[in-house]
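The values are calculated or read from the model by the stated rules, or taken from the named source; none is laboratory data. Small disclaimer: the values here were computed from a predicted structure and weren't measured. As a convention, Cβ positions derive from the backbone with ideal geometry for all residues, glycine included, and neighbour counts pool all protein chains shown.
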Amino acid sequence: MDRYVEKFLTYLRVERDASPHTLRSYARDLAGLRAALGDRPWEQVDLLSLRQFVAGERARGLGKASVARRVATIRSLFRFLCREGYLSANPAQGLSRPKQERRLPNFLSVEETARLVEAPSGDQVSSLRDRAILETLYSAGLRVSELVSLRIRDLDLIGGTLRVMGKGRKERMVPVGSFCVQAIRRYLKALGPEIDDESPLFRNRMKGGLTDRSVRRILAGYLNRVSLAKKISPHALRHSFATHLLDRGADLRSVQELLGHSSLTTTQIYTHVTTERLKRVYESAHPRA
């Protein structure tokens, strides 16, 4: 690996406590840049060569979001190299990201959410686990990565809260509703005394923690069972959580804290969702719309 890239990734891992997923993404982006630059030293890289790389990524069909992430990675690398004194000038300072159309998040109605969450039935451990998974995703608005990293020690079922480790290793306390607490209690009772504080909350048949892919597969199965035609991911339950809260009068700052967003701008996308829906209701219902 290029020594400057290695120093940068070490900084991210040690100083910024970046997740393995983030490190893999950065490494992959910078490997592509290094390959495009060939043998050219970092000291000789200029803004034009960086723009050519970005244009090449777009030309080979990479989406705007992926290109924007590569640009962010490149800018972070060169800021680090200049700050640490490895470079005297920052060639990425004028490198801009492609403008992206901000797509409204896909979400379920309250009725659709209830149908999905209540789909797991029966007293088998797997069914009780799946019900608890769906209740937790919706009740707490968790990312899937946050869900699969939960341990028994993170539960406070008496207080009705979860301790969640979010992006950037930021910890937050999230309240959960009575339906979620009840689902988790039933699931834990079915597991029996073999669990301890360090056990993963949601486990597979081999008693190991579930993966993101496993949760997506579980969700897809229940979507088919309740015949929801919408193409959604587990993240849609997080979108539904935020949208339903705002619909019922929650303030934006509180929703931001519940979701673990570092910036209020990220949360504001949900105000567009509610506004768009109000406009559709108005246009269909008002006699002079």
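Below, the figures for the structure above:
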read-out	value
Among the residues listed as I158, I184, the single one being more than 24 Å from R115 (Cα to Cα), out of contact with any Cys (no Cβ under 8 Å at 6 or more places or on another chain) and not charged (D, E, K, R)	I158
Residue list for segment 178-223, restricted to those being of a type in the set (G, A, S), assigned to a helix (DSSP H, G or I) and either out of contact with any Leu (no Cβ under 8 Å at 6 or more places or on another chain) or in contact (Cβ under 8 Å) with a residue 60 or more places away in the chain (or both)	S178, A190, G192, S214, A220, G221
Residues satisfying the stated conditions in segment 28-61, i.e. of a type in the set (A, V, I, L, M, F, W, C) and either under 23 Å from K99 (Cβ atoms) or not assigned by TED's automatic domain parsing to the domain that holds T73 (or both)	L33, A36, L47, L48, L50, F53, V54, A55, A59
Segment 126-156, residues that are in contact with a strand residue (DSSP E or B) (Cβ under 9 Å, 6 or more places away or on another chain), over 20 Å from G168 (Cα atoms) and surrounded by fewer than 23 Cβ atoms within 10 Å (Cβ to Cβ)	I152, R153, L155, D156
Among the candidates S227, S214, S240, S254, residue that is modelled with pLDDT under 85 and polar (S, T, N, Q)	S227
Within segment 84-119, considering residues that are outside the structural domain of T275 (by TED's automatic domain parsing) and among the basic types (K, R), the one nearest to I218 (Cα to Cα)	R103
Scope segment 272-286; condition exposed (fewer than 14 other Cβ atoms within 10 Å of the Cβ) and assigned to a helix (DSSP H, G or I); matching residues	H272, T275, E276, L278, K279, R280, V281, Y282, E283, S284, A285
Residue within segment 49-62 that is in contact (Cβ under 8 Å) with a residue 24 or more places away in the chain and closer than 24 Å to K167 by Cα present	no
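Yes or no, residue by residue, for (1) over 21 Å from R163 (Cβ atoms); (2) out of contact with any Lys or Arg (no Cβ under 8 Å at 6 or more places or on another chain):
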residue: V176; (1), (2): no, yes
residue: Q182; (1), (2): no, yes
residue: R185; (1), (2): no, yes
residue: L188; (1), (2): no, yes
residue: F202; (1), (2): no, no
residue: V226; (1), (2): yes, no
residue: K231; (1), (2): yes, yes
residue: V255; (1), (2): no, yes
residue: P287; (1), (2): yes, yes
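Per-residue answers, yes or no, for (1) in a helix (DSSP H, G or I); (2) more than 26 Å from Y270 (Cα to Cα); (3) among the aliphatic types (A, V, I, L, M); (4) more than 28 Å from the chain's Cα centre (by Cα):
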site: A18; (1), (2), (3), (4): no, yes, yes, no
site: D29; (1), (2), (3), (4): yes, yes, no, no
site: Q52; (1), (2), (3), (4): yes, yes, no, yes
site: S76; (1), (2), (3), (4): yes, yes, no, no
site: S88; (1), (2), (3), (4): no, yes, no, yes
site: L95; (1), (2), (3), (4): no, yes, yes, no
site: K99; (1), (2), (3), (4): no, no, no, no
site: A114; (1), (2), (3), (4): yes, no, yes, no
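Every residue, every condition in (1) among the hydrophobic types (A, V, I, L, M, F, W, C); (2) modelled with pLDDT under 90, yes or no:
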site	(1), (2)
D156	no, no
V164	yes, no
R172	no, no
G177	no, no
G192	no, yes
D197	no, yes
R203	no, no
G221	no, yes
